[in-house]
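Visitor: This structure is in structure tokens; I'll ask about it shortly.
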Amino acid sequence: MALKDILPGKLGFGTAPLGNMFRDIPEQEARATVDAAWNDGIRYFDNAPFYGAGLAEIRMGDALADKPRQDYVISTKVGRLVLDEIEDVSARDLGEKGDVFKYGRPNKIVNDYSADATMRSIEDSLKRLKTDHIEIVWV
């Protein structure tokens, strides 16, 4: 199956800003943004655990919870696990992306592309996104 057969249109919504990318985005603003995208016909939503240490996926799951699941497509990524352990966000060493999500959740993020971590990442994303399946997983 080709990617074009999965995607519902030519445009999608990248959810990085929902993870408080560059600034602390209020819940109402995040929800209004997703609602506006939905009302304009967007049905593809790209996520990642890295976006605000899971915050973007949590917000996306909440925003789409009342939408028919067959009406939209979700993608997410693997390679970074969001742990329950809390850390000082200002002390994170994430290289060039260190300050991008400094307003996200304070959960520790670790890089791990192992088979076990990949499966755990998908399971954790399913919970945060409040869904039983993800159409696309990017590595």
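The values are calculated or read from the model by the stated rules, or taken from the named source; none is laboratory data. Treat the numbers as computed from the prediction; the structure is a model and nothing was measured. Counting neighbours? That spans all protein chains shown, and the Cβs are built from the backbone with ideal geometry, glycine included. Ligands, DNA and RNA are stripped out before the accessible areas are found, and what is left, the full protein with its side chains, is counted by its heavy atoms. Shrake-Rupley method; radii C 1.70, N 1.55, O 1.52, S 1.80 Å.
Visitor: Tilt of helix 55-64 relative to the longest C-alpha principal axis of the chain, in degrees (0 to 90, nearest 10)?
Guide: 20 degrees
Visitor: Please report the spacing between the Cα centers of the range 1-41 and the range 65-139 in Å, no decimals.
Guide: 15 Å
Visitor: Right, something else. In whole Hz, what ³J(HN,Hα) sequence does the range 10-15 give by Karplus (6.51, -1.76, 1.60; θ = phi - 60°), x for Gly and Pro?
Guide: Rounded to whole hertz, the list is 8, 10, x, 10, x, 8.
Visitor: Can I ask one more? Connecting C-alpha atoms closer than 10 Å in a GNM of the chain, tell me which of T76, T118, T15 has the biggest fluctuation.
Guide: Among T76, T118, T15, the largest GNM mean-square fluctuation belongs to T118.
Visitor: Now for a separate question. Tell me, what is the per residue accessible area of the chain in Å², probe radius 1.4 Å?
Guide: Details: 7760 Å² over 139 residues.
Dividing the accessible area of the chain by its residue count gives 56 Å².
Visitor: Expressed in nm², what is the orientationally averaged projection area of the convex hull enclosing the Cα positions of the range 30-74?
Guide: Numbers: hull surface 11.5 nm².
Average of the hull's projected areas for the range 30-74 equals 2.9 nm².
Visitor: Could you tell me the calculated FRET efficiency between A2 and A115, based on Cβ-Cβ distance and R0 = 35 angstrom, to the nearest 0.05?
Guide: 0.85
Visitor: Does anyone have the angle between helix 115-129 and the longest principal axis of the chain? Alpha-carbon axes, 0 to 90°, nearest 10?
Guide: Helix 115-129 and the main axis of the chain meet at about 60 degrees.
Visitor: Additional query: Give a residue-ordered list of calculated ³J(HN,Hα) values for the range 29-41 (Karplus: 6.51 cos²θ - 1.76 cosθ + 1.60, θ = phi - 60°; whole Hz; x for Gly, Pro).
Guide: 5, 4, 5, 4, 5, 5, 4, 5, 4, 4, 5, 8, x
Visitor: Convex hull over the Cα atoms of the chain, averaged projected area in nm²?
Guide: Working: hull surface 34.5 nm².
One quarter of the hull surface, i.e. the mean projection, equals 8.6 nm².
Visitor: Pairs of Cα atoms under 8 Å, at least six residues apart: use those to get the relative contact order of the range 1-117, whole percent. If you can, show how the numbers build up before the last one.
Guide: Numbers: 189 pairs, mean separation 37.3, N = 117.
After rounding, I find 32 percent.
Visitor: Which value at 222 nm does the chain reach when only helices count, each DSSP H run of 4 or more adding -39,500 (n - 2.57), with the total divided by all residues and rounded to the nearest 500 deg cm²/dmol? All intermediate terms of the calculation are to be shown ahead of the outcome.
Guide: Numbers: 4 runs with 42 residues, N = 139.
Mean residue ellipticity at 222 nm (helix-derived): -9000 deg cm²/dmol.
Visitor: Mind listing the long-range amide H neighbours of K108? Cut-off is under 5 Å, sequence gap 5 or more, other chains count too, H placed in the peptide plane at 1.01 Å from N.
Guide: Here L83, E85, I86, E87 satisfy the definition.
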